[in-house]
Amino acid sequence: MTANALSFESPVPKIYNFLPISKAELDEVLVVLFTGPKQPVKDDLKRTPFLIRKKNIKDALDWLILNHSDYAQVTVSEENLAEYDDDDIPVTIQYKETLSAKTSGTPAVNNMEEEDGTEEGECPFIMHGLTGTQMEEMSNSALKTLALQYFNQSGKVLGIGQASKFESIWNNPQLYPSMFPWLFPYGLGGIGSVYRMSPTAHKKWLLMYHDKRFQTDAAFSFIAFSHEQIMRSSTRALLLTEKSKFAAITERIMNLDEDVLASIATRMANGEQIKPETTEEKNCFDIVKDLDHVAAGVNGSSTSKKYQRNEIWSLIYRIGSPLWYITLSPVDTKHPICIYYAGTGEVFEPIMPADQRMRVVTSNPVACARFFKFMVLKMSSVREYMVMLKDIMALLNNKVD
């Protein structure tokens, strides 16, 4: 992970006392774009995940008004609800003709060029961002030039307001219910709300919740782990300030030569091996060591991975290199254990179509991680069994002699 997630409060420009909103208001902010060689027909509309079910919406609103404190003053608008049709998309439909039904806007690295969702199941539903894959290799100057050209051509943008300060991740039980209202339907049970349970233990407990909604959410795992990194690094940095050597660290930071640091970064990016010679260069490398001391205990950081590599090389130097290696590559989309971990049904069905297996497994990264850990631990137990069997055979051979 090369980035962290910060949460800002978004100001609400309009408070709705009547829900659902009218069809005209919804059509102002949402549009559905169909791509493919043919225009969508009635059956295609029924397969999309954006159809409205009036009964389900009314039942959900009634439940929220009864159980969620933020919806206590909301009134269900029967007039607005009657505007929606059960078998039609409630917003404008636009069609763009393409020769393939492949969702080329978001291809995978190992794309096998198969069409998406053309036979059965849900149609692909993708939220496109403001930048495309063609911009990933552009420099900052090129991106700024492209943006300026877009504005000069009277291009339009969507601006989303936010507060001036980001939300605190410390002692803020309402943070996660505010960020993920669909995961916390009661508005309660956020991280830090359970007495005598650490945030890490609470996140693990939520990820193992029985209905697996926290596992299948695309953003929850990323946000939870990112906040865990921030809290861990902040704690280690705070502990570092209480040590006697912190005065020397602050002096090095205050006397840092930014030009020398930029030169070192450029040379290292070009693959050059740098050995500090001047006092300024040694000062820069000492600051890097101070930062490594903080990041070493942060899971997933590049420094922790570097320390693990050093430990591996130390073991190799101490006991020698291994005589043979085992490379594990379990196929999670075909293994019944991983399908069991990822499944959400009450009845386990290990035999299912390939596309359904792929959809179930890829939508649950926690299940894939649990499956890989299970396989590694099993291989480790097999190795321990082999070592024990070797010792037993050696004892038997000694007795025979």
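The values are calculated or read from the model by the stated rules, or taken from the named source; none is laboratory data. Keep in mind that what you see is a predicted model, and the values were worked out from it rather than measured. Here the Cβ positions follow ideal geometry from the backbone for every residue, glycine too, while neighbour counts run over all protein chains shown.
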Exercise. Just to be sure, is Gly187 closer than 24 Å to Thr235 by Cβ, modelled with pLDDT under 90 and not assigned by TED's automatic domain parsing to the domain that holds Val361?
Worked result: no
Exercise. For the range 299-311, does any single residue satisfy the condition of being touching a helix residue (DSSP H, G or I) at 6+ places or on another chain (Cβ under 7 Å), within 27 Å of Asn255 (Cβ to Cβ), surrounded by 10 or more Cβ atoms within 10 Å (Cβ to Cβ) and in contact (Cβ under 8 Å) with a residue 12 or more places away in the chain?
Worked result: yes
Exercise. Are any of the residues in the range 214-233 among the basic types (Lys, Arg) and either within 16 Å of the chain's Cα centre (by Cα) or outside any helix (DSSP H, G or I) (or both)?
Worked result: no
Exercise. Name the pairs whose Cβ atoms lie under 8 Å apart, with the first residue in the range 193-212 and in a helix (DSSP H, G or I), the second of a type outside the set (A, V, I, L, M, F, W, C) and surrounded by 11 or more Cβ atoms within 10 Å (Cβ to Cβ), and 6 or more positions between them or separate chains?
Worked result: Pro199/Gly192; Pro199/His227; Pro199/Glu228; Thr200/Glu228; His202/Gly192; Lys203/Glu228; Leu207/Gln215; Leu207/Ser221
For this session: Within the range 47-55, identify whether any single residue is surrounded by 15 or more Cβ atoms within 10 Å (Cβ to Cβ), at pLDDT 80 or above and of a type outside the set (A, V, I, L, M), and answer yes or no.
Result: yes
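For the range 248-351, which helices (runs of 4 or more DSSP H) that fit wholly inside it have 3 or more residues that are in contact with a Ser or Thr (Cβ under 7 Å, 6 or more places away or on another chain) and not aromatic (Phe, Trp, Tyr)? Even if it seems obvious, please write down each step before you answer.
On the way: elements: 258-269, 279-295, 302-319, 336-342.
The helices (runs of 4 or more DSSP H) meeting that bar are 279-295.
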